[in-house]
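The values are calculated or read from the model by the stated rules, or taken from the named source; none is laboratory data. Computed from a predicted structure; not experimentally measured. Don't worry about glycine lacking a Cβ; one is built from the backbone with ideal geometry, like all the others, and counts go over all protein chains shown.
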Amino acid sequence: MISYNFYNPTKLVFGENTIEKIGELLSNVGSKKVLMIAGSGSIKKNNVYDITINSLRKNGIEWRECWGVRANPSLAKVREAIAIAKKEKVDAVLAVGGGSVIDTTKIVAAGVYADDIWQVFERKEKIKKALPIFTILTLSATASEMNCSAVISNDEENKKWGTGSPLLYPVASIIQPDVQNTLPWNQTVNGALDAMAHIMEYYFIGTNEETSIAVNEALLKTIIKSVEGLKVDAKDTISRANLAWAITLGLNGISGAGLKGGDWACHDMSHSISCMYPQIAHGGALGVIFPAWMKYVCDSNPQQFKRFAKNVLLTDDIESGIYELKQLLKSWNAATSLRELGVKEEDLRKLAEMTVSRGNIGKLSVLRLADVEKILEFAF
Ligand SMILES: [Zn+2]
């Protein structure tokens, strides 16, 4: 038996017309002035911005804004927002957007109190304190709305690294799934692929943790079923809601209970890919890397890979499980090779080197430079 702690203090407010509750949620912690952090402006088109500021106004909360967080969010934007937060003396931070915006906001919350926030990623400084974090989710993918980690890219040093601290759990997060009805198809798919990868990072190192393994199979099947529903009708709110909740549960602690902290080799490889090629979405890279990794490491835990093939993809053996997974991704118009994503063959070695620059990766099977290079070749 594996011992573990489960802790998740984030209050999740889920459902129709929930965004208008943000002012009240901030008031509950006594906030008077908040820094709102957002992406490139899509929240102005789908009304999310107006509903948010009306709610702040109604509750007598002042706000400042920081725009322009990109996908694979940058350290430069984090530093810009920290400067605003300090200058304006805000007492809370509010992310309105997807995982990139939320990750940026978390690191800003901690960065206000850090000597140099990047040193936290370098593991040379610890997060000591953070402003209260609030989020309004507009793209389900990372589950950052209900966990305590964040990933940031340092463009100058060519590093895309993650960090975490219990101080980075949002106080409250709002998920109003219908605001995602207008998302482009590829963003819905990339979000689903990211969540499937989170679940699989835990699932494949499992053996006897029946509760978590069964929950993870249910989550994977729900994600697949919901994406299939949205393929038929992007405004199918029932599928949208089921997908959103399954994605949050994919990385809020529940999917990983008892599963040894997860493997995370596929995430490490994907981070290098979207660090070198910022136009490649995190979920898109994972969709390509996972089947290649499965092929390379499945002999380390064949029973579990067989179980996945049977229970999630309704097929008999490991090989056909990997094949069916790729077919599924193809049917969603997702890429199934690095080449398709625009990765150049001559960069594979460099990508492998970047991936192991903080040490060997993986847990089910510990991967060294040569292993990572092989998996990238499989994925190419
Ligand atoms: Zn991820």
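Some notes on this structure:
- Verdict on L243 being farther than 28 Å from A352 by Cα and surrounded by 22 or more Cβ atoms within 10 Å (Cβ to Cβ): yes
- Of residues in region 27-48 being more than 17 Å from S173 (Cβ to Cβ) and assigned to a helix (DSSP H, G or I), the one modelled with the highest pLDDT: K44
- Of all residues in region 259-288, those being crowded, with 24+ Cβ neighbours inside 10 Å and near the ligand (Cβ under 10 Å from one of its atoms) number 6.
- Condition check for K77: charged (D, E, K, R), out of contact with any Lys or Arg (no Cβ under 8 Å at 6 or more places or on another chain) and not assigned by TED's automatic domain parsing to the domain that holds D194: no
- Every residue from region 176-203 that is among the charged types (D, E, K, R) and over 23 Å from I19 (Cβ atoms): E201
- Conditions (1) of a type in the set (V, I, T); (2) part of a loop (DSSP other than H, G, I, E, B); (3) away from the ligand (no atom under 16 Å from the Cβ); number of the one not met by T142: (3)
- Condition met for G359 (free of Cβ contacts under 8 Å to residues at least 40 places away in the same chain, out of contact with any helix residue (DSSP H, G or I) (no Cβ under 6 Å at 6 or more places or on another chain) and assigned to a loop (DSSP other than H, G, I, E, B)): yes
Quick grid of which residues meet (1) farther than 24 Å from L219 by Cβ; (2) touching a residue at least 60 places away in the same chain (Cβ under 8 Å); (3) of a type in the set (A, V, I, L, M); (4) in a loop (DSSP other than H, G, I, E, B):
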site: Q279; (1), (2), (3), (4): yes, yes, no, yes
site: A292; (1), (2), (3), (4): no, yes, yes, no
site: F305; (1), (2), (3), (4): no, yes, no, no
site: F308; (1), (2), (3), (4): no, yes, no, no
site: E340; (1), (2), (3), (4): yes, no, no, no
site: K350; (1), (2), (3), (4): yes, yes, no, no
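- Residue in region 248-256 that is within 16 Å of the ligand (Cβ to nearest atom), touching a residue at least 60 places away in the same chain (Cβ under 8 Å), part of a helix (DSSP H, G or I) and not hydrophobic (A, V, I, L, M, F, W, C) present: yes
- A172 away from the ligand (no atom under 16 Å from the Cβ), touching a residue at least 12 places away in the same chain (Cβ under 8 Å) and not β-branched (V, I, T): yes
Quick grid of which residues meet (1) assigned to a helix (DSSP H, G or I); (2) among the charged types (D, E, K, R); (3) away from the ligand (no atom under 16 Å from the Cβ):
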residue	(1), (2), (3)
T135	no, no, yes
A150	no, no, no
W161	no, no, no
L183	no, no, yes
V189	yes, no, no
D194	yes, yes, no
K225	yes, yes, yes
L230	yes, no, yes
I238	yes, no, yes
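- Residue selected from region 277-314 under the condition in contact with a strand residue (DSSP E or B) (Cβ under 9 Å, 6 or more places away or on another chain) and at pLDDT below 95, by the criterion farthest from G162 (Cα to Cα): P278
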